[in-house]
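Novice: Got a structure here, written out as structure tokens. Questions coming.
The values are calculated or read from the model by the stated rules, or taken from the named source; none is laboratory data. Since we're looking at a predicted model, the values are computed, not measured. Neighbour counts run over all protein chains shown; Cβ positions are idealised from the backbone, glycine included. Just the protein is used for accessible areas: all its heavy atoms, side chains included, with ligands, DNA and RNA removed. Shrake-Rupley method; radii C 1.70, N 1.55, O 1.52, S 1.80 Å.
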Amino acid sequence: MANIACDHCHLEFDEKVMIKDENSGEIKYFCCKGCQGIYHLLRSEGLDSFYEKVGSTKLEPPKELNSDLHKFDLEGFKNKYIIQKDGFNEVNLIIEGIHCSACIWLNEKILHQTQGVVGATINYTNNKAKIIWDEDGVKLSEIINKIRSIGYNAYPYDPKLQEERANKTRRDYYSRLLVAVFTTMNIMWIAIAQYTGYFTGIEKNMKNVLNISEFVLATPTLFYTGWVYFKGSYFALKNKFVNMDVLVATGASLAYIYSIYAMITNTGEVYFDSVTMIITFVFVGKYLEVLSKKRAIDTMDNMMGSLPTELTVVKNGEKDIVGIEEIKTGDVVEVKPGDKIVVDGIIVNAEGNFDLSSLTGESEPVFKKSGDEIFSGSVCLDSVIRYKIEKDFKHSMLSTIVTLLEESISKKPAIEKLADKISGYFSFVVLTLSILTFIGWYIGGAGFEKALIISISVIVIACPCALGLATPMAALIGINSASKKGILFKEAEFLETMAKSDTMVLDKTGTITEGKPKVVNAKFLKDFDINLLYSLAESSKHPISKAIVRYLKDKSDDLNEYFLKNVKNLEARGLKAEYENIKLFGGNLELIKELNIPFSGDFKNTVFIFVINDEVVAYFELKDSAKEGAKKAISQIKKMGMDVIMLTGDNEQASKEIAKEVGIKKVYHSLFPKGKAQMIDTLHKQGKRVVMAGDGLNDALALSRSDIAISMGSGADVSVEVSDVVILNDDIKGLAQALKISKKSYATIKENFAISVLYNSITIPLAISGHVMPFIAALSMSVSSLIVVGNSFRIKRLK
């Protein structure tokens, strides 16, 4: 019996082994129960239009993998791969078996129709799916089963697996490149003989032998090396758009077909050498692009891939090896010299030096002692350290950085979206120009052969590839370079926004200053229990409160912390609490005025006033010093055309003293959080594009109003959350570096655009006028792409 195709997967089998399915008078054949089940599932869900979209593409039959579904609901899997946001669960999966955009459409449709799934998007370039769901409505195992039920498979996204996949792609491209280079080098020797014979004369039999030799060499180049262009063209035309693959495949195929005709009929010249050179030169450019993109992204995968998967947990004096997904907050972990910290925590035993270069970009070791916080990604250099886990793996520093970097690269700047749109139209325009060129030269009497070769040159020389690379390469390298310097851009578009900004607003405490004020003057007006002051100050994380605690500890070793009731932070003024019917207040002069307590003084520094039962019993003057390099950094920011403004809740004299020290002329002091936010709004009304840097809870509102919000790495979690850029090393010099990288990246993008436009403006008219041979067109096209890539890599050399 004859072979027939399965009506789902399109694989062909003998009719006698097929399952015959008759429904409503319509006969269908299936190779297995799985294909039959998927077919009826899609019809019942109203998704049978999938078969129209997929056409005759062969699919993989469904696999029986239901035995491992339970692992997707295990606690260890959830801890390692699932993120909880706003009451929903989120996971990144790799969908296996995707062949085309129809597969993307089907998977997204079936996921969106699954009850409990809130959102599902799939990236065709890497088959990475981002799925958000409500656990009360559906389990992840049920979602995986749904994906498998339509003939695909899903497994969690893991950088190590992605590295294997990237290496496989690179090896495939390398083998195709070797074939292309080998055939091109050999065909060039034959071409030399052909051109010599063209000018000096050659026997017909010898010419035929040379033509056949070129045909034999050109065929594997076109159909093996050039397969990537035919594949790309198929999907492009299927989805009704024209891209670079269409141009290359069309140009090379036309030259190949015409050459076969000329070889068989012995009329005209063959252009098999042009076919191999078109494919080889363009493929070299594509191969180098693959390597460049891989190098630019490798930083993220290396950061995560180099982390150990197991830790030594100490419980009741005994050590146990535990997987990172099973680590819980409160566990005590032991690390030895050379070990990398996997999760964030606080040192509970010993002290030592740590290498934070992978986080901050600074090579100088940092000394940490008991009570200090350590972050994932840092390396213990010289001691055996025990530390208590403060955050799980998903929420630790390194995991957060990599997640944000991945998201930043996936989000396109406005200028890149424009470039993509132009590239789509541009390819169609080039194809149209090529057809018109052929018609013009043919009607003009040039003959079929010459008209065809000139039109092929027009197709090949045009380079939407350089236009398409102009933005993503510069943005990718800009983000990568910034991350190596301890600067994290959460989205690629923030590079563009920051580059266009003209005003930088800086908070004082923790941004311009160290954020570690010291008591320079203490006055005790009444006798009182010092533990009341110590307990009140200990209940706050504000730098001033911490300074008071440090001062008291230096003065006394006999301090006890009381349990205070009704502890409350008073916005930009201080804090209050109660202890056994005793009312406690601590804060600035604004708080004292609000309480109507008679007290005054001419304070040049920040002041903290302690009140017991509406009576001032002590006050402390504190002074914070500017960060090292603050004046130089602010000077650099000004030289880049930025207007620098300082906003602070501190008093006038203390604010102006710091501003004068670092070279800031515009100072707004004694501001509440709302006042800072209103100042940002005022600047916007003046037409300013505002970048704001801050690190405290009271900066969060103003940061959310600015065009670009920069959070210093030591800042409050909420300020980091609302920020667009994070300075991980807490160094004010990072502000100048971030601005310099953004401006350089944006300038490079514009340069790349200019290169692409200039190239096409010169070369397309030359090709239309018949002054460029096809293989020269291919070479110049690759060179233009490589110039754009090379220009983008100049960002890395930024000092």
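Novice: Apply the Karplus parameterisation 6.51 cos²θ - 1.76 cosθ + 1.60, with θ equal to phi minus 60°, to every residue of the range 764-772 and state each ³J(HN,Hα) to the nearest whole Hz, in sequence, with x for glycine and proline.
Specialist: Coupling constants for the range 764-772: 5, x, 4, 5, 4, 7, x, 9, 10 Hz.
Novice: What is the magnitude of the charge dipole of the range 617-699 about its Cα centre, with +1 placed on the Cβ of each Lys and Arg, -1 on the Cβ of each Asp and Glu, and no other charges, expressed in debye to the nearest 20?
Specialist: The dipole magnitude comes to about 520 debye.
Novice: Can I ask one more? If you roll a 1.4 Å probe over the range 599-657 with all protein chains in place, what percent of the accessible area is carbon or sulfur?
Specialist: That share works out to 43 percent.
Novice: Sticking with this one: Mind listing the long-range amide H neighbours of Asp724? Cut-off is under 5 Å, sequence gap 5 or more, other chains count too, H placed in the peptide plane at 1.01 Å from N.
Specialist: Ala709, Ile710, Ser711
Novice: If the chain between Lys369 and Asp502 were fully stretched, how many nm would it gain, using 0.36 nm times the residue separation less the Cα-Cα distance?
Specialist: So the chain would gain 43.7 nm between Lys369 and Asp502.
Novice: With each pseudo-label sitting 7 Å past Cα toward Cβ, what's the Ala350-Asp21 distance in nm, one decimal?
Specialist: 6.3 nm
Novice: Using label points projected 7 Å from each Cα along Cα→Cβ, tell me how many nm separate His10 and Val384, to one decimal.
Specialist: 6.3 nm
Novice: I need the phi-derived Karplus couplings for the range 443-450: 6.51 cos²θ - 1.76 cosθ + 1.60, θ = phi - 60°, integer Hz, Gly and Pro marked x.
Specialist: Each residue's phi maps through the Karplus curve to give 5, x, x, 6, x, 4, 4, 5 Hz.
Novice: To continue, here is another question. Please give the peptides 203-216, 221-234 ranked by average Cβ packing (other Cβ atoms within 10 Å per residue), highest first, as a rough proxy for protection.
Specialist: 221-234, 203-216
Novice: Something else now. Can you list residues whose amide H is under 5 Å from Leu570's amide H, if they're 5+ apart or on another chain and H is modeled 1.01 Å from N?
Specialist: Those lying under 5 Å, H to H, from Leu570 are Leu575, Lys576.
Novice: Hey, can you rank 487-496, 252-261 by average C-beta count inside 10 Å, highest first?
Specialist: 487-496, 252-261
Novice: Strictly over 28 Å apart at the Cα level, which of Lys660/Lys740; Lys541/Lys740; Lys623/Lys733; Lys369/Lys623 would you flag in this model?
Specialist: Lys541/Lys740
Novice: Run the 1.4 Å probe and let me know the accessible area of Glu580, rounded to the nearest 10 Å².
Specialist: 140 Å²
Novice: Sticking with this one: Give me the net charge for the shell around Ile597: Cβ to Cβ below 11 angstrom, other residues only, Lys and Arg +1, Asp and Glu -1.
Specialist: Combined, the nearby Lys, Arg, Asp and Glu give -2.
Novice: Lys and Arg at +1, Asp and Glu at -1: add these up for the other residues within a Cβ distance under 9 Å of Glu351 and post the number.
Specialist: +1
Novice: Label 7 Å along Cα→Cβ of Ser670; the range 556-596 residues with amide nitrogen under 18 Å?
Specialist: Under 18 Å, as judged by backbone N against the label point of Ser670, lie 571-574, 587-596 of the range 556-596.
Novice: Convert each backbone phi in the range 654-667 into a coupling constant with the Karplus relation 6.51 cos²θ - 1.76 cosθ + 1.60 (shift: θ = phi - 60°), then list the ³J(HN,Hα) values in order as whole Hz, x for Gly and Pro.
Specialist: Coupling constants for the range 654-667: 5, 5, 5, 5, 5, 4, 5, 5, 9, x, 9, 8, 9, 10 Hz.
Novice: Setting aside same-chain residues fewer than 8 positions from Lys16, which lysines have a Cα under 21 Å from its Cα?
Specialist: Lys28, Lys33, Lys58
Novice: Grab the Cα-Cα distance for Ile597 and Val322, subtract it from 0.36 nm times how many residues apart they are, and report the gain in nm with one decimal.
Specialist: Full extension of this stretch gives 93.2 nm more.
Novice: Can you tell me which lysines have their Cα less than 18 Å from the Cα of Lys450? Leave out same-chain residues fewer than eight positions away.
Specialist: Excluding near neighbours in sequence, the set is empty.
Novice: Longer than 26 Å from Cα to Cα, which of Lys315/Lys485; Lys676/Lys750; Lys139/Lys168; Lys490/Lys665; Lys315/Lys340; Lys130/Lys394 are they? Say none if no pair is.
Specialist: Lys315/Lys485; Lys676/Lys750; Lys139/Lys168; Lys490/Lys665
Novice: For Ser556, what charge total do you get from the other residues with a beta carbon under 15 Å from its beta carbon, if Lys and Arg give +1 and Asp and Glu give -1?
Specialist: Spelling it out: positives minus negatives among the neighbours equals -4.
Novice: Can you give the FRET efficiency for Lys583 and Phe793, using 1/(1 + (r/R0)^6), R0 = 41 Å, r = Cβ-Cβ distance, to the nearest 0.05?
Specialist: Computed FRET efficiency for Lys583 and Phe793: 0.05.
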